[in-house]
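We did not get these values from a lab; they are worked out from the coordinates using the rules stated. All figures in this text were calculated on a predicted structure; none of them were measured in a lab. Cβ coordinates were reconstructed from backbone atoms using ideal geometry, including for glycine residues, and neighbour counts include every protein chain displayed.
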């Protein structure tokens with residue numbers, strides 16, 4: 001038997017198995033399937049099924065796929081500052097390394113900035129970088145920014 005013949009037989013077997021799986025999925029069980037001649041592919045009639053409710057589908061799509069709780073992420077936490085307003089409005093990401101750490105901040109102007117620990121912007125110093133939050137300090141106060149979706 002040639003390799004081409006083996007490939008042809010294998011692809012036919014895969015197509016038959018795929019048709020069987022599709023038919024079982026559409027009908028619900030094997031007992032309701034009608035016997036079909038070998039090699040024929042019969043697709044189930046899906047036109048009779050009721051359309052999905054758009055509101056229910058929208059709610060399903062809002063849930064994060066890989067989150068264990070499958071709950072929508074909470075709204076981004078605003079900066080908790082004591083006195084003066086910090087230049088950053090949101091913590092986007094953190095990077096913690098053995099020698100240095102950094103934070104990606106969204107500024108109140110809408111721009112995004114990468115700030116290394118110890119660097120400053122508008123008189124505010126990035127004093128602490130932790131896995132789920134950063135701490136900005138100035139002479140006028142402090143701002144603790146948390147990652148959105150963080151449970152800390």
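List of remarks:
- Packing-based exposure ordering (other Cβ within 10 Å, fewest first) of 14, 92, 129, 134: 14, 92, 129, 134
- Length gained when the stretch residue 1-residue 18 is fully extended (0.36 nm per residue, less Cα-Cα span): 3.7 nm
- Here is the tail figure for the stretch 80-146: Cα pairs spaced more than 19 Å apart come to 20 percent of all pairs.
- Estimated from the Cβ-Cβ distance and a Förster radius of 25 angstrom, the FRET efficiency linking residue 63 and residue 112 is about 0.40.
- Of 121, 96, the sequence from fewest to most neighbouring Cβ atoms within 10 angstrom is 96, 121.
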